[in-house]
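These notes concern the structure reproduced below.
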Amino acid sequence: MTRTPLLEVEHLTMRFGGLVAIDDVSFSCAAHEITAIIGPNGAGKTTVFNCLTGFYKPSVGRLTLHGRDKDHLLERMEGFRIARVAGIARTFQNIRLFAGMTLLENLLVAQHNQLMAASFFSISGLLGLPRYRKAEREAIDAARYWLDRIGLLAAADNTAASLPYGDQRRLEIARAMCTKPRLLCLDEPAAGLNPMESARLNDFLVSLRRDHDTSILLIEHDMSVVMAISDHIVVLDYGRKIAEGAPSAIRENPEVIRAYLGADDDETLPGAPP
């Protein structure tokens, strides 16, 4: 089946002085697919994310997000425009919720841009004009919708800090979804989760692909998550791409097995079915 690219990464290179963190990496993410970037610690996975989302400007390379009306060259865009105009949202390895805010408030903060635009940058909001009141109702409805999707609507007025760790992970993804992203970048979403929580996360991510116009690019060390939900996998090692393909091909790739285990070819990838 032909993959329709949503994101194309071409010859991405990122240097920090004499250190080459990413070395001529190319891959694509297809629309309506879950693409995983995997590799040992230090392989350059988060550096790729940071280039895609504007935290770093690549030393070399073209990063193209194909839009509905126009293509976006991410390497030329400021970080806030990548989120607002191109439609890329991300989460981080370490949870970055507003711990003292309620769950509902955390999701409303994600919709700040559209609320500010509806208020003409505060004027309509201060005057309580109909345009702003409508946008505010829609933002609250969206927040409540996502809280319901993650099973936390009853806790909407609780603080984010009061949630168990696994619920905080899902709340962070729900907050990103409030921005209506076309590409959702998740940096180790299963980190610290127990097997039951990981299975619940798998179901949630698959539902995002199925029910919303959102493609997912994720970094993950948990191979039980990667192999269960990914349509396409990119493997990095020491900043270079060593393999790319469907989970079935990656699972049996000798170079991938060696990178993970330093093992003979008859070993199996961690977390993969025997």
Scanning the range 171-212 residue by residue, those basic (K, R) and buried (at least 22 other Cβ atoms within 10 Å of the Cβ) turn out to be R175
Just to be sure I understand, how many residues within the range 48-83 are part of a helix (DSSP H, G or I) and without any contact (Cβ under 8 Å) to a residue 40 or more places away in the chain? 9
Looking at A83, A21, can you tell me which residue is closer than 27 Å to D222 by Cβ and at pLDDT 95 or above? A21
For the range 109-134, enumerate the residues that are surrounded by 19 or more Cβ atoms within 10 Å (Cβ to Cβ), assigned to a helix (DSSP H, G or I) and at pLDDT 70 or above. Y132
Working only within the range 15-30, note down all residues that are free of Cβ contacts under 8 Å to residues at least 60 places away in the same chain and crowded, with 16+ Cβ neighbours inside 10 Å. S28
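Yes/no per residue for (1) more than 20 Å from R144 (Cα to Cα); (2) touching a residue at least 60 places away in the same chain (Cβ under 8 Å); (3) not assigned by TED's automatic domain parsing to the domain that holds R81:
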| position | (1), (2), (3) |
| --- | --- |
| E188 | yes, yes, no |
| L193 | yes, no, no |
| A199 | yes, no, no |
| N202 | yes, no, no |
| H212 | no, no, no |
| S215 | yes, yes, no |
| E220 | yes, yes, no |
| V225 | yes, no, no |
| I233 | yes, yes, no |
Looking at the range 31-42, is at least one residue buried (at least 18 other Cβ atoms within 10 Å of the Cβ), under 26 Å from A143 (Cβ atoms) and assigned by TED's automatic domain parsing to the domain that holds L218? yes
In the range 213-249, how many residues are surrounded by 16 or more Cβ atoms within 10 Å (Cβ to Cβ) and either of a type in the set (V, I, T) or within 17 Å of P181 (Cβ to Cβ) (or both)? 13
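The values are calculated or read from the model by the stated rules, or taken from the named source; none is laboratory data. Please read all numbers here as calculations on a predicted model, not as lab measurements. Every residue, glycine as well, gets a Cβ built from its backbone with ideal geometry; the counts of neighbours run over all protein chains shown.
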